[in-house]
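Here the structure is laid out as C-alpha cells; the discussion comes afterwards.
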Amino acid sequence: MSALHLEQRLVHYEALGRGQPIIFLHSWLGSWRYWIPTMELAAERYRTYALDFWGFGESDRAANDGTISGYVRMLYAFMDAMGISTANLVGHGLGGAVAIQAAYGQPSRFLKVMTVATPLYGHVLTSHLQPSRFARLLGMRSPTNVWPRLIRTIPIANPDVQQELYANAATLSEQLLATLQTSLLATDLRPALLGLRLPLLAVYGSADRIVAARHATLLNQLQETPVQLLVLPKANHFPFLEQTNLFTRLLLDFLQAPGLPVTIKAEWRRRVSQAEYL
C-alpha cells in the first residue's frame, strides 16, 4: 500500500510501470482497484498511477467535502507531492469530470485526456435517474435502491472488483454522498470543453444504463476543439472491465497517435492474452 498526506489527510495510491505518467481517476462508486487490469497492460510502456479520492477506497474516509473542484485541487496537490510535472489523465464518470476541469484549469500540466462514461452536465443524471433514485444508487441505504440491480446487469468479469464496488458503496459517508450529489447535478462541463486545447477522447458504452451515450453527441457539435466522441459497441458502464484488452489498446493508440481521430481496429476485437498483447 502506498500513501501520502495532502492537506493533513491520507491519500492512498498505487503505481505500476515506468515511462510517461498516466493518472487514473475513479468514479462516484469504486476506487483505484478497478483500474488494475488496464494499469497492468499499460504499465509496460507508461508509469501508471491510480489514487482514491478523499472519502473513497483506502484514502481518508472521514473527508466529507466531496466536490469536483475539491478533487481537482487534490489532483494538483498529488502531482506536486509526487513530482509529476506533466501527465495523461484517464477518468471514469466523476473522475472524467475532474480530469476535464483539471486540464482546463491548468493545461500546461497535462498532455492528453481520456474520459469514460462521464456526464457532461448534471441534467443527464436527472434525465435518466430521478434525484432521489440517484441518491439511493450512490448510497445503497435502501434494499430497494437501483444500484444492486444495475450492477448485476453490467458485465464485470472479476468478482473481487465487483465485491469492492459493493463494499465501498456500503461504507460511504452520507454527508459525502449528499455533497457529491449536489456537485454532480450542478456540474456543466460544456464551457470547459469549449475552452479545452488538449486532445480529449470521450468514450461511452452503447449499452450504458447510467450515462447514455446519446447524451454525449453534443461533442460532435464542438468546432475547432481537439475532442473526439467514441461509442464502444455493446459496452456498458465499465468498458475497461468488460472489454479490457480493447479498451487498453484504444487508450495506448490515443496516447501514441499524433492527433485525433483514433479508431477501433478490427484486430482488437478478438480476445488476446496479456503476453500476446505485450
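Any read-out appearing in this document is the output of simple, stated calculations on the displayed coordinates, not a laboratory observation. Please read all numbers here as calculations on a predicted model, not as lab measurements. Heads up, the Cβs are rebuilt from the backbone with ideal geometry, glycines too, and the neighbour counts pull from every protein chain shown.
Please give the contour-minus-distance gain from GLN20 to ALA81: 0.36 nm per residue of separation, less the Cα-Cα distance, rounded to one decimal in nm.
Values: separation 61, 0.36 × 61 = 21.96 nm, distance 1.69 nm.
This chain segment gains 20.3 nm when fully extended.
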- What list of ³J(HN,Hα) couplings, whole Hz, do you get for the range 165-179 from phi and the Karplus terms 6.51, -1.76, 1.60, once you set θ to phi - 60° and write x for glycine and proline? 4, 4, 5, 5, 5, 5, 10, 6, 5, 5, 5, 4, 5, 5, 5
- Task: Starting from the Cα of LEU111, move 7 Å in the Cα-to-Cβ direction to define the label point; list residues of the range 220-258 whose amide nitrogen is under 13 Å from there.
- Result: 252-258
- Note on the structure: Residues SER108, SER2, SER27 in order from fewest to most other beta-carbon atoms within 10 Å are SER108, SER2, SER27
- Pairwise label distance in nanometres, LEU222 with ARG9, each label 7 Å out on the Cα-Cβ vector: 2.8
- Output ³J(HN,Hα) for the range 250-265: one whole-Hz value per residue in order, computed from phi by the Karplus curve 6.51 cos²θ - 1.76 cosθ + 1.60 with θ = phi - 60°, and x for Gly and Pro. 5, 4, 5, 5, 4, 5, 8, 6, x, x, 9, x, 10, 10, 7, 7
- Note, the range 233-239: 3J(HN,Hα) by Karplus (6.51, -1.76, 1.60, θ = phi - 60°), whole Hz, Gly/Pro = x, goes x, 6, 7, 9, 7, 10, x
